[in-house]
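Structure first, then comments.
The values are calculated or read from the model by the stated rules, or taken from the named source; none is laboratory data. Just so it is clear, the model here is predicted, and its values are computed rather than measured. We place every Cβ from the backbone using ideal geometry, glycine too, and count neighbours over all the protein chains shown.
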Amino acid sequence: MRREAVVEEVELKPLGEFRMGCDAYGIIIKTNFGHIETFKDVPIMIGQTDSSECIEQSACTRYLSIKGAFSTYIVDIKDQAISIYRTTMRGLNNELCDENPIYGTETHHIKGLRRHYYLQFPFVSKDRFVQVFADYEVIRRRQIKELRDAL
């Protein structure tokens, strides 16, 4: 028997003023498969408190698309795992790079949302996601620095 994934609550966590007059909020997602607290300290919503603007559940109910201020995440509710579709990287000298993260050889196609997502970042358990993404950022910052130095 397959259990349907249900988002029971999206709890906002105030992070303070992001820029003048705009508050930022992190989120905790409570589902019938467990709580996802990975985004509680990440600016997901800025200047708004309506989570329906940035969170979408797939037609099969298994996945969530979370469009944050600087990244778009895909959450697998049943496996309690997270991948990232799009992010803004900041280099060591404040270079900005908006990119689709590619890490390893694993790929996934996620359908049933407003758009089709082609993920090239692996799904990682919610407890390990922050560390795995930090490892990716170290590699990308080094690559951006090498590219800048080559110019």
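Quick notes on this structure:
- Residue that is farthest from residue 130 (Cα to Cα), among those in segment 26-41 that are surrounded by 18 or more Cβ atoms within 10 Å (Cβ to Cβ) and either touching a Gly at 6+ places or on another chain (Cβ under 8 Å) or small (Gly, Ala, Ser) (or both): 26
- All of (1) within 13 Å of the chain's Cα centre (by Cα); (2) over 25 Å from residue 22 (Cβ atoms); (3) not in a strand (DSSP E or B) hold for residue 82 with one exception: (3).
- Taking each residue of segment 95-107 that is among the hydroxyl-bearing types (Ser, Thr, Tyr) and looking for partners that are assigned to a loop (DSSP other than H, G, I, E, B) with beta-carbon atoms closer than 8 Å, six or more apart or interchain, yields 103/121; 103/122.
- In segment 47-57, the residue that is farthest from residue 69 (Cα to Cα) out of those that are modelled with pLDDT of 90 or more and outside any loop (DSSP other than H, G, I, E, B) is 57.
- Residue within segment 19-33 that is under 26 Å from residue 104 (Cα atoms) and under 15 Å from the mean Cα position of the chain (by Cα) present: no
- Selection within segment 106-136 - in a helix (DSSP H, G or I) and either charged (D, E, K, R) or surrounded by fewer than 16 Cβ atoms within 10 Å (Cβ to Cβ) (or both): 130, 131, 134, 135
- Being in contact (Cβ under 8 Å) with a residue 24 or more places away in the chain, small (Gly, Ala, Ser), closer than 22 Å to residue 121 by Cβ and surrounded by fewer than 18 Cβ atoms within 10 Å (Cβ to Cβ) is not true of residue 5.
- Of all residues in segment 88-105 being closer than 18 Å to residue 133 by Cβ and over 15 Å from the mean Cα position of the chain (by Cα), the one that is surrounded by the most Cβ atoms within 10 Å (Cβ to Cβ): 91
- Odd one out for residue 60 among (1) in contact with a Cys (Cβ under 9 Å, 6 or more places away or on another chain); (2) of a type in the set (A, V, I, L, M, F, W, C); (3) surrounded by fewer than 19 Cβ atoms within 10 Å (Cβ to Cβ): (1)
- Scanning segment 87-103 for residues that are at pLDDT 90 or above and part of a loop (DSSP other than H, G, I, E, B) returns 100, 101, 103.
- Residue-level analysis places residue 44 outside the set of residues that are closer than 21 Å to residue 87 by Cβ, aliphatic (A, V, I, L, M), surrounded by 11 or more Cβ atoms within 10 Å (Cβ to Cβ) and touching a His at 6+ places or on another chain (Cβ under 9 Å).
- Cβ pairs under 7 Å, 6+ apart, first in segment 67-82 and more than 16 Å from residue 32 (Cβ to Cβ), second of a type in the set (S, T, N, Q) and in a loop (DSSP other than H, G, I, E, B): 82/38
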